[in-house]
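Enquirer: Quick one: this structure, given as structure tokens, is what I'll be asking you about.
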Amino acid sequence: MLQVRVLSPLHIIFTKHVGPGCVAKSDYGEDMAGISIPAAEHSTMTAWEPQDGPYGSGEENAFANMLEKYPSGLVSVVSDSYDIMRAVKDYWGGSLQDEVKNFDGVLVVRPDSGDPAVTNAKIFEALEDAFGAERNNKGYKVIPGVNVIQGDGIEADGTVVSKVLDALKERGFAASNIAFGSGGGIIQRHSRDDYKFAMKCSSAIVNGEERDVRKTPMQFDRDGNYNQSFKTSKAGKLALTPDMETVAPSETDEDLLEVVFENGKLKREETFEEIRNRARR
């Protein structure tokens, strides 16, 4: 079951990569404005539990499912929902190592928290331990069959990109091992802090069973310390109070959230003009 609830006086539009392509096709006559690849996001990882597959953790099962459903090409899997180093060392480089080595394509590991330079340095050292490394014609190390994509914290001035590449170069890794995502900071310089909130999946129904869902990532800071990330999210069904706080439904008599999207169907039709008028209030 997929359900999206939003605050009644607002209309929240959130997109990943599909939206711009649709606009380019509908408004600018471009049938193929861009391409994408199969890519996991946090809720598609955290909704899994051990009983959903053969492995000991839900995240392992979610990882294995990505390789099974998309058996070739590039497949990107966000891997920091709980502990990025456990994911790299114990899962990708451990219990799923044979699946990765036999995969007919390239696994792209995506970290999404912590200091980008320190985090990627740690990830590549762990990947080399698990999968070895080949040398390119300039003598730099290339991890066979595994890449990394860094989108978190990337900005238009290139400072973070340079720091990440410098960290990899110091350890002898080639730049071809990593790609960089162009996130919201590059596009419009806005962040969740402009509105003081972020939207995360907190509850899911899987095979009729309701589950609390959350991400609790660990992260490296710039000094190399490994601690709980500020990106930890809340779990379970939540209500929004008039004071703009998210609490358990039993803790408030007034929930400002309304169902607008459920299982592929829009539950409430609104015109663009209605949305504009509400935004002006």
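Every number here is computed from the coordinates shown, using simple stated rules; none is lab data. Worth saying up front: this structure is predicted, and the values here are computed from it rather than measured. Don't worry about glycine lacking a Cβ; one is built from the backbone with ideal geometry, like all the others, and counts go over all protein chains shown.
Enquirer: Within 10 Å of each residue's Cβ, count the other Cβ atoms and sort Met66, Met45 from fewest upward.
Expert: Met66, Met45
Enquirer: State, to one decimal in nm, how far the label point of Ile37 lies from the label point of Thr159, with both points 7 Å from Cα in the Cβ direction.
Expert: 2.9 nm
Enquirer: Find, among the trypsin sites (Lys or Arg not before Pro) in the range 79-142, those assigned to loop by DSSP (not H, G, I, E, B) with at most 11 other beta-carbon atoms within 10 angstrom.
Expert: Loop-located and lightly packed - Lys138.
Enquirer: Further question: Modelled label-to-label distance, Ser95 and Phe272, 7 Å Cα→beta-carbon offset: nm?
Expert: Result: 4.8 nm between the two label points.
Enquirer: If I model a spin label as a point 7 Å beyond the Cα along the Cα-Cβ vector, how far apart are those points for Tyr226 and Asp212 in nm?
Expert: Calculated label separation equals 2.6 nm.
Enquirer: By how many nm would the segment from Glu125 to Ser176 lengthen if fully extended, with 0.36 nm per residue of separation less the alpha-carbon distance?
Expert: 16.8 nm
Enquirer: Run the count for the range 37-195, please: Lys pairs, Cα-Cα under 21 angstrom, 8 or more apart or on different chains.
Expert: Taking the Cα cut-off of 21 Å, the pair count is 13.
Enquirer: Exposure proxy check: Tyr226, Tyr140 ranked by fewest other beta carbons within 10 Å?
Expert: Going from sparsest to densest Cβ surroundings: Tyr226, Tyr140.
Enquirer: Once a ≥ b ≥ c are taken as the square roots of the eigenvalues of the Cα gyration tensor of the range 37-195, is the result rounded (a/c under 1.5), prolate (a/b larger than b/c) or oblate (a/b not larger than b/c)?
Expert: Here the range 37-195 falls in the oblate category.
Enquirer: A further question follows. Listing Phe63, Phe230, Phe180 from the residue with the fewest other Cβ atoms within 10 Å to the one with the most, what is the order?
Expert: Listed from fewest to most nearby Cβ atoms, that is Phe230, Phe180, Phe63.
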